[in-house]
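Just so you know, all these numbers are worked out from the coordinates, no wet-lab data involved. Just so we're clear, the structure is a prediction, and the values are computed from it rather than from any experiment. Counting neighbours? That spans all protein chains shown, and the Cβs are built from the backbone with ideal geometry, glycine included.
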Amino acid sequence: MRKGFTKLLSVLLVVGMVLSLTACGTEETQTGSSYDVVVVGAGGAGLCAAIEAKVHGAENVLLIEKMPFAGGNTLLSWAELACAGNWLQIEQGIEDSNEQFAKEMWEGGGKVARKEMVDIVVNNALDAALWLRDEIGVVYQDYLVHEGGHSVPRAVEPVDLGPGMIYPLLDKAEELGVEILYDTKAEELLVNDEGRVIGVQATNQEGEEVTFFAEKGVVLATGGFGANVEMRQKYNTRWETLDESVQTTNSPAATGDGIVMAEKIGAQLENMEHIQLYPFNNPMTGVFYGIEAPSWSGEGIVYVNQDGKRFVNEVGMRDERAEGILAQGGVAYAIYNQEVADRLNLEEIYADEYAQCLADGVFYKADTLEEIAEYFDINAENLVETMEKYNEYMKAGHDPEFGRKTSMVPMEEGPWFILKGVVSVHHTMGGVMIDTEARVINTEGEIIEGLYAAGEVTGSVHGNNRVGTCAISDIVVFGRIAGKNAAQGI
Ligand code: ADP
């Protein structure tokens, strides 16, 4: 009896929606398929949202993805997730707390984010990591990652990096019966007369216009706009230029679609001007190097300019390092020695990357500092002096020139490794404004009913600079909240 009544109610609802549908102001009636929850974007946040929507009572969940595959930037990332009090910290006797983590994440973002948003991420990050590990089946390494901006090693890293997180999420979504449509691009959000978001208009694989109604809610999880040069140029106020001369670490799909769609129906955007550059990337691809691992592994590493001189804290915040490299004309060199490479087992793990980079002329290895300097036409005399000073500072535990406080590791003997690096657009901190329940807020400060957002499409969490390894904490925590709340109509 109840079931029959619910079914009848849904039919009436869909008919009502069809009759009152307004697609971004155009009065046209349409028909389409109906779901409880529609999630847009099958990256990290979208997969988490779709799973949680299903788990929390949504019977029909649709996940649409404009690319022919899932994963987005999350697939390309290392999927390292910062969480205080995690199992590896406990094993290694590292003291940490959510208060300390929240302070560092918020201060690292220039105290620009709403602190309560940072607290939500931080307070739920460990639970997110345990959920990924125990419910989703992500397998983690037995070491911690220590990115700049964190006072202690704090992030867990999946074996197999981004794919090691995305594929188990995808398996879980499929197992739960989430319907996934690839090559399906959301174009517009559909709003009814009361201002409630009731669905999504999209273009399907055949290039046809299709409509998906969402009875309970739409979750936007379309990622950032790092690959959209026009948007970068429109919003950037900090860097001299972010035109096509600056490459990106992002997937070409990171074009800010969700931000544009949400803005069109009245969503408030925030922090759009804050665009993060990843400081040190392979000049051939614009993407970060695996073989620069010493900079996030608590190890010895030195950055020098063409003149053979240090210019920045090599393990400091990403924005400081990016600024430092730009001030050297946009090119820098990272140097470490054989002992460092051996401790991290780099030559075995990254054998292919070393070979490719050697062939491309962006990496070189030699016995002496003079030889690596000569290869890249760096001032050798200065480089030798720089390394002497670096070792003095590291041994004294005090770096009076650049204030390095962590990874105080001297490097005295060759052979030496050297990489050439450039900055790339990495993360767009701005996006749609959400509240602590992942509901999208409009320009009047009110909740847009039926619309939720999570991940890089939002602008409320990272302030003016995202601290390394906090993106995955954000997308999993808010992806889960958005999916659950959409399913429950919160
Ligand atoms: P996040 O880290 O916030 O989860 P990702 O970059 O990992 O972001 O994922 C965003 C996903 O959204 C990508 O897979 C991307 O292809 C997809 N996407 C972006 N725009 C659209 C759109 N208009 N329609 C459908 N999918 C989209």
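Below, the figures for the structure above:
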{"quantity": "Among F363, Q306, N204 the positive-end extreme of the charge dipole of the chain (Cβ point charges)", "calculated": "N204"}
{"quantity": "Mean-position separation - Cα centroids, the stretch 53-93 and the stretch 301-334, in angstrom", "calculated": "32"}
{"quantity": "Helix-only CD estimate at 222 nm, as mean residue ellipticity for the chain, using -39500 (n - 2.57) per DSSP H run (n ≥ 4)", "calculated": "-10500 deg cm²/dmol"}
{"quantity": "Nearest-ten-degree value, helix 351-360 long axis tilted from longest Cα axis of the chain", "calculated": "80"}
{"quantity": "Under 25 Å from K420, Cα to Cα: lysines that are on another chain or at least 8 residues apart", "calculated": "K309, K365, K389, K405"}
{"quantity": "Karplus-derived 3J(HN,Hα), 6.51/-1.76/1.60, for each residue of the stretch 282-296, Hz, glycine and proline x", "calculated": "5, x, 6, 10, x, 9, 4, 8, x, 7, 9, 3, x, 6, 10"}
{"quantity": "Cα-based shape type of the stretch 189-258, given that a ≥ b ≥ c are square roots of the gyration tensor eigenvalues and the cut on a/c is 1.5", "calculated": "prolate"}
{"quantity": "Positive-end residue, the chain charge dipole about Cα centroid, Cβ charges, pick of M317, M105, S424", "calculated": "M105"}
{"quantity": "Cα-centre dipole for the chain with unit charges at Cβ (Lys and Arg positive, Asp and Glu negative), debye to 20", "calculated": "1340"}
{"quantity": "Likely footprinting exposure, H150, H398, fewest C-beta neighbours within 10 Å first", "calculated": "H398, H150"}
{"quantity": "C-alpha long axis of helix 44-55 to longest principal axis of the chain, angle in °", "calculated": "40"}
{"quantity": "Net charge dipole size for the stretch 278-425 [Lys, Arg +1 and Asp, Glu -1 on Cβ; Debye, nearest 20]", "calculated": "560"}
{"quantity": "Separation of alpha-carbon centers, the stretch 258-290 and the stretch 432-477, rounded to whole Å", "calculated": "14"}
{"quantity": "Nearest 10 degrees, 0 to 90: helix 2-20 Cα axis against the chain principal axis", "calculated": "80"}
{"quantity": "Dipole of the stretch 278-425, positive end: most advanced residue of Y354, S407, Y278 [Cβ charges, Cα centre]", "calculated": "Y278"}
{"quantity": "Of every Cα-Cα pair in the stretch 278-425, the percent that sits beyond 22 Å", "calculated": "32"}
{"quantity": "Neighbour-count order for D183, D307, fewest beta carbons within 10 angstrom listed first", "calculated": "D307, D183"}
{"quantity": "Under-5 Å amide H pairs with M272, H placed in peptide plane, nonlocal only", "calculated": "G431"}
{"quantity": "Neighbour-count order for S473, S297, fewest beta carbons within 10 angstrom listed first", "calculated": "S297, S473"}
{"quantity": "Cross-link reach list, lysines versus K264, counting only Cα pairs under 26 Å and skipping chain neighbours closer than eight places", "calculated": "K66, K185, K216, K234, K484"}
{"quantity": "Ellipsoid equivalent to the chain - semi-axes via the Cα gyration tensor, in Å", "calculated": "44, 22, 19"}
{"quantity": "Length-normalised contact order for the chain - Cα pairs under 8 Å, 6+ apart - percent", "calculated": "24"}
{"quantity": "Long-range amide H partners of G298 with built H, under 5 Å", "calculated": "H146"}
{"quantity": "Amide H partners (placed H, <5 Å) of S33, local residues excluded", "calculated": "T211, F213"}
{"quantity": "Shape of the stretch 300-356, Cα gyration tensor, a/c cut at 1.5", "calculated": "prolate"}
{"quantity": "Relative contact order computed over the stretch 44-123 (Cα-Cα under 8 Å; 6+ residues apart), in percent", "calculated": "20"}
